[in-house]
Each structure stands twice: as structure tokens, then as C-alpha cells.
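The structure appears right after this line, and notes come after that.
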Amino acid sequence: MTTLWDSIRIGRMNLPHRLAMSPLTRSRALPDGTPGEFAAEYYSQRASLGLLISEGTQPSEDGQGFPNSPGIHTDAHVAGWREITDAVHAKGGYLFIQIMHAGRMSHPDNTLHGRQGVAPSAIAPDAQIHTPTGARQVPQPRALSLDEIKSTVEDFRLAAARAIAAGADGVEIHAANGYLIQQFLSPNANTRTDSYGGSIANRIRFALEVATAVANEIGADRTGIRLSPGSHLGGIEEGANYSELYRALVSELAQLHLTYLHIAHNGDESLLKDIRSLWPGVLLVNRVNRPLELIGQDIEAGLADVSPVGRWALANPDFVLRLRSGHALNEPDPQTFYGGGAHGYTDYPHLEGIVQTSV
């Protein structure tokens, strides 16, 4: 039986266990999207988790959704991420940069350009978003033209190339949690009547084009993708046949031989089993509200190959050591999740008197 502590090879990486760090928005980048001064320390502190998946990182100006989120579309961004990847590698870890286009989940007050958000269709979600002046209703986005869809695919490709230039070990395409790619998947966010709307084949087209472009640019063995079937984040309602859509999407993605598929699991056990059977490669499964004592259950059952952790990793830079030794975990402080400086970011305590080894 495979366990949490067995080694695994993912793409070009040899990992000593089946844990990983989930992407976590921290909103501590500079206003222009360059990673902030404490980012290299934050990520490298958590290198023992092996595979670190970065916070959502916009591939273009129009891809930004939240204030002070990082980008990967300028030379300054590449230089900032290079400091992070060097620090993580020095501690023996690996870093995948998650490329995230927020689509309609944006607000003009959160960006330097102040433009209206973009989306598959001009439909505002029934959702709020954090802004510098507090929670605000997400405004109506502008529908992308066919030419703009093509240029957005190109933005993902170029962002992936820049991530590799910054020293990243790969990228994760964010196709989950109510952001642009999932907006194309969802019939309540995508009412297009062209080749990107209507049928399942049309609604999954954008996701497949992005994944293909990124894999062709940097290699399938350095490309992962994250999906969240059944998620309602960002006002998403995927409809009664959402499981049919995800079976079709995963079947098509499998033909690209990506290095991993990352599922944010929302409780559809039948669909998860189908995804496991349809996906020939490495499968990461992150269950919502999973108890700590069940962290390795999916791996032991053969439903997953890796169990990523989010808030536990945020509050415990030495999570691997604490889990293996049975020590208590630090409690995360929600007041410091987004924005700010070192407090609640790089100052969570390590275990005293025990040496933290790299992976």
C-alpha cells in the first residue's frame, strides 16, 4: 500500500513524500506585481513540503483580480520570482508558479490600470471581492472578443515561458475557483454563441487551448493544471451536467500528458473516482475541510498520489516535521492572510530544539 511518506517522481522532480503546498493568495506583492520583500523567505521556509505551488500569479495586466497579487509578465516580475526560486532551491524544494487569470473576479480599484474586468460573457457574478476599501460587489465584466481570446491564450504561454526563465520548475494552470478558465466552463458565466460557448466541447475549448499552448512552450512534464468540479466560488453554477463536462475535459487533458492534475475536491466521490480512472498521470487531491488525521487516506485508497495542504502550510513552515513527529500545529491567523508585512507571513514559529531538514 502506498502511503503519505513514500517517495514519488513528478515530471522532472524527485520528491521524498506525498505532501505539497497548495496555492495560497497572500496579497503582499508590490503594486506593480513584483513579489514583495519577504516572499523569498516565506516560500523557502516551507521548502520541506517538497513541491510548492505558488499563489495565483497573473499572466497580464487584465488578469489581475486582487490587490497586490504578483504577476509574471514583466522583466521585474521575472527578477522577483528568481529570488524566490533560488531561495527555494537552496533549501532543496521545488516551485511551480500558478498562472491565474481572474477574469470577471476583479475590480478596477485592485489594479493600476483601473479597467473593467474581462470574461467570456458580460455577466457579473453575485459575489463580492476584497478591495483596498473593503469588500465590494464584483462589477459587470466586458466580454472578450475572439481575437482577445487568442491573445489571452498567448498571455498564458508567455507567462509560462517567463516562469521558467525565473527558475521555476514548472507552472500550474489555474482552471478552478471561479476564475477565467472556469468561467468559460460554466453556463451561468458563459452564454457565448460562438465556438467557445454552448456545447461541452465548446466550453472546454479555452481550457484545452491554454493547456496545449503552455505544454508546447515549456514541456508537458513541467505543466500542471488545477480544476474544482462543482465549486460555487465566484458565483459559478456549472449546472446539472457538470460531471459530464469534467469527464470530457479530463479525458482531453489526458492526451496532453501533463505532469499532474490538481483537483480541489468538493465532495462528488463518484466523479473523483472517474477522474482517477481517466487520468493516467499524477493526481493531486485537496479536499475541502479535510481532517488532519485523514490527510493520507486518499493516497492509501489509490484515489490520489499527492495530498496538498493549504492553511496548515501557511501557519506551519515546518509542517512536515510536525506531522511526522506528532507535534501540535500552529493555528493560522485569518487577520493576516491578505496583505501586510512579515507578521502572519514569515514569523510563524518553528519547533524549538529540533533541526528542520530540507527535502
Looking at the structure I just gave you, is G234 small (G, A, S), buried (at least 17 other Cβ atoms within 10 Å of the Cβ) and assigned to a helix (DSSP H, G or I)? yes
Per-region count, the stretch 1-23, residues touching a Gly at 6+ places or on another chain (Cβ under 7 Å), surrounded by fewer than 17 Cβ atoms within 10 Å (Cβ to Cβ) and not hydroxyl-bearing (S, T, Y): 1
Failed condition for L321, given (1) surrounded by fewer than 20 Cβ atoms within 10 Å (Cβ to Cβ); (2) in contact with a Leu (Cβ under 7 Å, 6 or more places away or on another chain); (3) outside any helix (DSSP H, G or I), with all others met? (3)
Going residue by residue through the stretch 264-286, is there one that turns out to be surrounded by 14 or more Cβ atoms within 10 Å (Cβ to Cβ), over 30 Å from A248 (Cβ atoms), among the acidic types (D, E) and touching a helix residue (DSSP H, G or I) at 6+ places or on another chain (Cβ under 9 Å)? no
Give the stretch 51-106 a look and list any residue that's basic (K, R) and under 17 Å from T34 (Cα atoms), or say none. R82
The residue that is nearest to the chain's Cα centre (by Cα), considering only those in the stretch 184-208 that are in contact (Cβ under 8 Å) with a residue 60 or more places away in the chain and more than 17 Å from N241 (Cα to Cα), is F206
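Residue by residue, here is whether (1) under 21 Å from T346 (Cβ atoms); (2) at pLDDT 95 or above; (3) small (G, A, S); (4) more than 23 Å from the chain's Cα centre (by Cα) holds:
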residue: I299; (1), (2), (3), (4): no, yes, no, no
residue: S307; (1), (2), (3), (4): no, yes, yes, no
residue: W312; (1), (2), (3), (4): yes, yes, no, no
residue: L323; (1), (2), (3), (4): yes, yes, no, yes
residue: A328; (1), (2), (3), (4): yes, yes, yes, yes
Residues to consider are R290, R311; find the one that is surrounded by 17 or more Cβ atoms within 10 Å (Cβ to Cβ) and more than 21 Å from H89 (Cα to Cα). R290
I'm checking my understanding of the structure. Among residues of the stretch 85-106 that are in contact (Cβ under 8 Å) with a residue 60 or more places away in the chain and assigned to a helix (DSSP H, G or I), which one is nearest to the chain's Cα centre (by Cα)? T85
For the stretch 53-65, does any single residue satisfy the condition of being more than 22 Å from F156 (Cβ to Cβ) and out of contact with any Asp or Glu (no Cβ under 6 Å at 6 or more places or on another chain)? no
Please name all residue pairs, on different chains or six or more residues apart, with Cβ atoms under 8 Å, provided the first residue is in the stretch 213-235 and is without any contact (Cβ under 8 Å) to a residue 40 or more places away in the chain and the second residue is crowded, with 20+ Cβ neighbours inside 10 Å and among the β-branched types (V, I, T). A220/T259
Screening D109, D75 for residues that are charged (D, E, K, R) and without any contact (Cβ under 8 Å) to a residue 24 or more places away in the chain leaves only D75
Within the stretch 61-110, the residues that are buried (at least 23 other Cβ atoms within 10 Å of the Cβ) and of a type in the set (D, E) are D62
How many residues does the stretch 255-305 contain that are part of a strand (DSSP E or B) and without any contact (Cβ under 8 Å) to a residue 60 or more places away in the chain? 6
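The values are calculated or read from the model by the stated rules, or taken from the named source; none is laboratory data. Model, not experiment: these values are computed from the prediction. No Cβ is skipped: glycine too gets one built from the backbone with ideal geometry, and neighbour counts run over all protein chains shown.
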